[in-house]
Amino acid sequence: MSFLLNSMLLSAQSYRKDSLQIKSYTRIEFRNNEIKDIKLINVLCDYCTDLQKEVIGEEAMRRAKTESYDPKNRVKEGDKKLAIYIRIAKKDFAAIKEEE
């Protein structure tokens, strides 16, 4: 049993060590139970370049659209705010650069 717990702790630590988690906020606007608009409110990342924030924001918008079909995220009339967490490998994050 302790072997299982130790291996779980090690895998959790390596998961954190090898990737970044970036939080973004989106807002889905519903009218008559239909999606009217999805907006990116903010990408919380202190160490991101503008291009990296833009790429992460696009992914957050895509995920928010997918999440909008989940019944727990639907609203008949009004806005639904979602926090979207994006986990990305550090090497993939570093590869987001402007083409020269």
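Brief remarks on what is shown
- For region 28-50, the tally of residues that are of a type in the set (Phe, Trp, Tyr) and either closer than 20 Å to residue 72 by Cβ or surrounded by 13 or more Cβ atoms within 10 Å (Cβ to Cβ) (or both) stands at 1.
- Evaluation of residue 34 against the conditions (1) closer than 22 Å to residue 19 by Cα; (2) free of Cβ contacts under 8 Å to residues at least 24 places away in the same chain shows that the sole unmet condition is (1).
- Flag if residue 58 is of a type in the set (D, E, K, R) and within 28 Å of residue 18 (Cβ to Cβ): yes
- Considering residues of region 67-96 that are in contact (Cβ under 8 Å) with a residue 12 or more places away in the chain and in a loop (DSSP other than H, G, I, E, B) only, the residue surrounded by the most Cβ atoms within 10 Å (Cβ to Cβ): 68
Any read-out appearing in this document is the output of simple, stated calculations on the displayed coordinates, not a laboratory observation. These numbers were taken from a predicted model, which means no experiment stands behind them. When we count neighbours, we look across all protein chains shown, and the Cβ atoms used for this are built from the backbone with ideal geometry, even at glycine.
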